[in-house]
Amino acid sequence: MSQRISFEFFPPKTADGLQKLLGVQQQLLARNPMFFSCTYGAGGSTRDNTLRTIDALREHHPDTAPHLSCIGQTRDELRGLLDHYRDQGVRRLVVLRGDLPSGMGYAQSELRFADDLVRLVREHSGEHFEMEVAAYPEMHPQARSFDDDIAHFKRKIDAGANNGLTQYFYNTDAYGFYLDALRKQGCEAPVYPGIMPILNVANLLRFSHSCGADVPRWLVSKLNDLKDDEAAVKEFGTEVVTKLCERLLAMGAPGLHFYTMNQAAPTLAILDRLGL
Ligand code: FAD
């Protein structure tokens with residue numbers, strides 16, 4: 001298999017939850033992922049859980065990447081985390097701005113945007129870490145324009161990041177146009193589509209609204225028709241997302257990054273149908 005596959009988790013809050021997540025990791029390990037990653041709450045709100053989860057996951061797969069966000073964090077706190085991760089042998093980071101908790105202004109953050117954090121990582125840790133950064137084929141909700149957002153992604157790569165991981169989307173044209181726009185600006189970085197399995201209609205619509213991901217009208221309508229039949233939602237969701245992945249890979253996507261939602265079965269069902 002030449003495509004790079006990676007799996008994203010969020011940090012469980014309890015020891016029991018962590019044990020369950022290690023079981024999920026075991027099932028996904030069989031698919032030979034390049035790396036696992038674990039999210040980090042803005043302002044360091046999941047700091048200890050993220051650290052604990054990374055330690056546990058790394059016992060079974062050394063290439064496990066902590067997400068690191070700069071919002072609400074001081075430079076010293078961030079440097080401390082970078083030293084900790086380097087001492088633990090971590091080699092990859094997912095580097096983000098994070099979302100502003102309501103009521104928190106930029107004044108409380110020493111770094112404003114993800115490219116500032118990419119710069120800090122390179123200044124402080126040299127080339128030690130491979131860095132993944134966020135990309136938004138359907139535009140980040142706060143971007144002033146599509147072109148501005150393209151320029152911001154390029155700025156992160158120019159500051160030293162290696163790869164893009166996209167927000168999830170269900171429209172392959174968005175990915176194609178996004179890549180074209182980046183290449184026209186001379187940005188050749190690999191951009192890995194983020195894939196969100198469809199598990200629950202209400203949650204998907206709520207979350208998509210908050211993160212600016214577009215769920216096409218036809219898909220909303222069909223999912224609403226099926227929403228009271230969990231098995232039918234799963235079957236249809238698997239079919240839709242498998243086709244999305246097939247098209248993305250056929251378009252030349254260099255791999256796939258799965259938002260697993262800490263569950264193995266939905267992602268495995270898609271990988272089975274893809275023959276990966
Ligand atoms: P940035 O790249 O800094 O961009 C944020 C916005 O600012 C964009 O609209 C951009 O166009 C604009 N911008 C950038 N630079 C400038 C500038 N110089 N001037 C004006 N505008 C500018 N969130 C978490 O809290 N924890 C996580 O673990 C996490 N993991 C994620 C993983 C992936 C793969 C993705 C796609 C997102 C993740 N997020 C996570 C969500 C992310 O933090 C939010 O989408 C956040 O709003 C933006 O983060 P960013 O790194 O894309 O920010």
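Compute the FRET efficiency between ARG4 and ARG112 as 1/(1 + (r/R0)^6), taking r as their Cβ-Cβ distance and R0 = 25 Å, and round to the nearest 0.05.
It comes out at approximately 0.25.
In whole percent, and with a 1.4 Å probe on the protein chains, what portion of the accessible area of the chain is carbon and sulfur? Write down the numbers at each step before the final one.
Numbers: 6190 of 12830 Å².
Ligands and nucleic acids excluded, carbon and sulfur give 48 percent.
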| Can you run phi through the Karplus equation (6.51, -1.76, 1.60; θ = phi - 60°) for region 170-176 and list ³J(HN,Hα) in whole Hz, with x for Gly and Pro? | 10, 10, 5, 4, 4, 5, x
| query | With Rg and the Kirkwood Rh both taken from Cα atoms, where does Rg over Rh land for region 83-209? | reply | 0.98
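Could you work out the Kirkwood radius for the chain, taking every pair of different alpha carbons, averaging 1/r and inverting it, reported in Å? Spell out each step's value before the answer.
Details: mean 1/r = 0.0520 Å⁻¹.
With all distinct Cα pairs of the chain included, I get 19.2 Å.
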| task | Name the long-range amide H neighbours of PHE9: under 5 Å, sequence gap of 5 or more, or other chain; modelled H, no Pro or chain starts. | result | SER37, CYS38, THR39
| note | With +1 at each Lys and Arg Cβ and -1 at each Asp and Glu Cβ, the charge dipole magnitude of region 4-274 around its Cα centre, to the nearest 20 debye, comes out at 100
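Starting from the Cα-Cα distance between ASP16 and GLU188, subtract it from 0.36 nm times their residue separation and give me the gain in nm to one decimal. Please list the in-between numbers first.
On the way: separation 172, 0.36 × 172 = 61.92 nm, distance 4.25 nm.
Gain in length upon complete extension: 57.7 nm.
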| note | Cα-based Rg and Dmax for region 1-130, in Å, come out at 14.9, 47
| Normalised contact order of the chain, rounded percent, pairs of Cα under 8 Å and 6 or more residues apart | 19
| message | For a Förster distance of 30 Å, can you work out the FRET efficiency between the beta-carbons of SER45 and ALA250, rounded to the nearest 0.05? | response | 0.15
| Cleavage-rule hits (GluC sites (Glu not before Pro)) in region 171-256: DSSP loop, at most 12 neighbouring Cβ within 10 angstrom | GLU188
| task | List the residues of region 228-242 whose backbone N lies under 18 Å from a point placed 7 Å from the Cα of ARG206 along the Cα-to-Cβ direction. | result | 228-230
| remark: So ARG75 and GLU123, fully extended at 0.36 nm per residue minus their Cα-Cα distance, gain in nm 16.1 nm
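About its Cα centre, how strong a charge dipole does region 53-149 have in debye, to the nearest 20, once Lys and Arg get +1 and Asp and Glu get -1 at the Cβ?
On the way: 11 positive and 19 negative charges, 30 e Å.
Roughly 140 debye for region 53-149.
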| remark: Under the helix-only model (-39500 (n - 2.57) for each DSSP H run of 4 or more, divided by the residues of the chain), the mean residue ellipticity at 222 nm, to 500 deg cm²/dmol, is -15000 deg cm²/dmol
| message | Rolling a 1.4 Å sphere over the protein heavy atoms, what is the accessible area per residue of the chain, to the nearest Å²? | response | 46
| remark: Checking ALA135, ALA253, ALA161 against a Gaussian network model of the chain (alpha-carbon springs below 10 Å), the top fluctuating residue turns out to be ALA253
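The values are calculated or read from the model by the stated rules, or taken from the named source; none is laboratory data. Computed from a predicted structure; not experimentally measured. With ideal geometry, Cβ positions are generated from the backbone for all residues, glycine too; neighbour counts draw on all protein chains shown. Ligands, DNA and RNA are excluded from the accessible area calculation, which covers all protein heavy atoms including side chains. Shrake-Rupley method; radii C 1.70, N 1.55, O 1.52, S 1.80 Å.
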